[in-house]
Amino acid sequence: MPEAAPAEAPVRIDRDLCIGAGQCIAYAPQTFVHDDETTAVLREPPHDAEADVAAAVEACPMGALTLRSSVPTE
Ligand code: SF4
């Protein structure tokens, strides 16, 4: 089963690491949103600028976000 990110998502969320700090939403509010457990999920479709998504990835205090371009393909 795929986890939080669909195949075309620009970023992957490790929901086990997410503590709901919300920095990702501050930087890329059209890409991330909190679910009712205050854990980050991707909006459908995510549509922030790539630079904003990258800033969100950098800002996450838990390292819970991984840009898809840096995710191994196998
Ligand atoms: S910044 Fe990281 S820890 Fe905070 S809500 Fe987003 S994914 Fe979760």
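The values are calculated or read from the model by the stated rules, or taken from the named source; none is laboratory data. Keep in mind that this is a model prediction, so the values were computed, not measured. Ideal geometry is used to build each Cβ from the backbone, glycine not excepted, and the neighbour counts take in all protein chains shown.
Would you confirm, using the coordinates I've provided, whether residue 71 is under 13 Å from residue 11 (Cα atoms) and at pLDDT 95 or above? When the stated conditions are applied, residue 71 does not pass them. Screening residue 48 on (1) assigned to a loop (DSSP other than H, G, I, E, B); (2) surrounded by fewer than 19 Cβ atoms within 10 Å (Cβ to Cβ); (3) more than 11 Å from the ligand (Cβ to nearest atom) shows it passes everything except condition (2). Exactly one residue out of 24, 18 is in a helix (DSSP H, G or I) and within 13 Å of the ligand (Cβ to nearest atom): that is 24.
Checking 26, 55 one by one, the residue that is aliphatic (A, V, I, L, M), surrounded by 16 or more Cβ atoms within 10 Å (Cβ to Cβ) and modelled with pLDDT of 95 or more is 55 and no other.
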